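In what follows, a structure is listed as structure tokens, so that the remarks can point back to it.
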Amino acid sequence: MLVLGIETSTPQASVALGSATELVGAYQLGRFRSQDQILVPAIERLLEDAGLTYKQVHGIAVGIGPGLFTGLRVGVSTAKALAQTLAVPAVGLSSMDVLAYNVRHSRRTICTCVDARRGEVYWAFYRPMPGGVQRMTEFRCARPEHCVNEIEARSEPVLAVGNGPLVYRSMFDSADLGIEIAGMTDSTPTAVPLTELAVRLFEREESDRLADLRPLYIRKSDAELNWERMGR
């Protein structure tokens, strides 16, 4: 089963093609052009370079966030359009779950922490499990010191993964909590582990109804906040 993965929750968007036995190919997209301009051409180039066509894709996977509002809308709408056109199943996976899955071999509790802009971060905690991870908390969005405080309250070794601890490194370092901060290569969710997770779901015949496939925003957009202010 060949699965196309689309991850656009951060400026470092990516696409991948994979099956249960191999990673066929993957592209990391640049952050200097709008994702709505480069996403579909990147998918088509990926298929062309692999000597494949859309007709050989059996499933679509997409990262649903939380993350950047515009990127998520582009990724989810593209995934839904492709799934409908190709008449193949689709599945949406939390981008934070994908980020944690990529460091599933850690012996520490995992804290995924992603820059949400506006001086805030998204975060959640995970427990490594055989073959994957288990999310232990709901997704949160607040100032980074709240994430640091929650790590401190756990009183256990924690691996912080994502670009949040890198953007706010001084805050995480000064906490003196023994936090291990993952490196730049693990700072954003990518389409490769997303595709790997989706293959497992499709093999179990698990997928989402297209009507239910939507971005996971967690908080209101700038446009919504501005509209509320204008209405006051």
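The values are calculated or read from the model by the stated rules, or taken from the named source; none is laboratory data. Since this is a predicted model, take the numbers as computed values, not measurements. Cβ placement follows ideal geometry from the backbone for every residue including glycine, while neighbour counts extend to all protein chains displayed. For accessibility, only protein heavy atoms count, side chains too; no ligands or nucleic acids. Shrake-Rupley method; radii C 1.70, N 1.55, O 1.52, S 1.80 Å.
Being open to solvent by less than 40 Å² (accessible area, probe 1.4 Å) and among the aliphatic types (A, V, I, L, M) is the filter here, so list the residues in segment 174-196 that pass it. Passing the criteria: A175, I179, I181, A182, A191, L194.
Could you list all residues from segment 153-173 that are in a helix (DSSP H, G or I), at pLDDT 95 or above and buried (at least 21 other Cβ atoms within 10 Å of the Cβ)? G164, P165 - these are the residues of segment 153-173 that are in a helix (DSSP H, G or I), at pLDDT 95 or above and buried (at least 21 other Cβ atoms within 10 Å of the Cβ).
Across segment 91-109, a minimum of one residue is classified as in contact with a Phe, Trp or Tyr (Cβ under 8 Å, 6 or more places away or on another chain), over 16 Å from L194 (Cα atoms) and of a type in the set (S, T, N, Q).
Candidates in segment 130-139 are the residues that are open to solvent by 80 Å² or more (accessible area, probe 1.4 Å) and modelled with pLDDT of 95 or more; of these, the one that is farthest from Y217 (Cα to Cα) is Q134. Taken over segment 145-176, the criterion of being out of contact with any Lys or Arg (no Cβ under 9 Å at 6 or more places or on another chain) and among the aliphatic types (A, V, I, L, M) is satisfied by V148, I151, A153, A160, V161, L166, V167, M171, A175.
Filtered by the rule that a residue be part of a helix (DSSP H, G or I) and free of Cβ contacts under 8 Å to residues at least 40 places away in the same chain, segment 76-121 gives S77, A81, T85, L86.
Does G65 meet the test of being small (G, A, S) and under 19 Å from the mean Cα position of the chain (by Cα)? Criteria met by G65. Summed over segment 150-182, residues that are more than 11 Å from E120 (Cα to Cα) and either within 24 Å of the chain's Cα centre (by Cα) or touching a residue at least 24 places away in the same chain (Cβ under 8 Å) (or both) total 23. Among the residues of segment 58-75, is any open to solvent by 50 Å² or more (accessible area, probe 1.4 Å), more than 27 Å from N163 (Cα to Cα) and outside any strand (DSSP E or B)? Checking segment 58-75: at least one residue is open to solvent by 50 Å² or more (accessible area, probe 1.4 Å), more than 27 Å from N163 (Cα to Cα) and outside any strand (DSSP E or B).
Looking across segment 87-107, just one residue is basic (K, R) and either under 14 Å from T188 (Cβ atoms) or modelled with pLDDT of 95 or more (or both), and that is R104. Is it the case that D97 is closer than 19 Å to D212 by Cβ and of a type in the set (D, E)? Yes; evaluated as a whole, the condition is true for this residue. The selection criterion, being touching an Asp or Glu at 6+ places or on another chain (Cβ under 7 Å), over 23 Å from Q28 (Cβ atoms) and open to solvent by less than 30 Å² (accessible area, probe 1.4 Å), holds for T109.
Mind listing whichever residues of segment 200-230 are of a type in the set (K, R) and at pLDDT 95 or above? R200, R204, R209, R214 - these are the residues of segment 200-230 that are of a type in the set (K, R) and at pLDDT 95 or above.
Taking first residues from segment 186-209 that are without any contact (Cβ under 8 Å) to a residue 60 or more places away in the chain and over 18 Å from G71 (Cβ atoms) and partners that are crowded, with 24+ Cβ neighbours inside 10 Å and among the basic types (K, R), no Cβ contact under 9 Å between residues at least 6 apart in sequence or on separate chains turns up.
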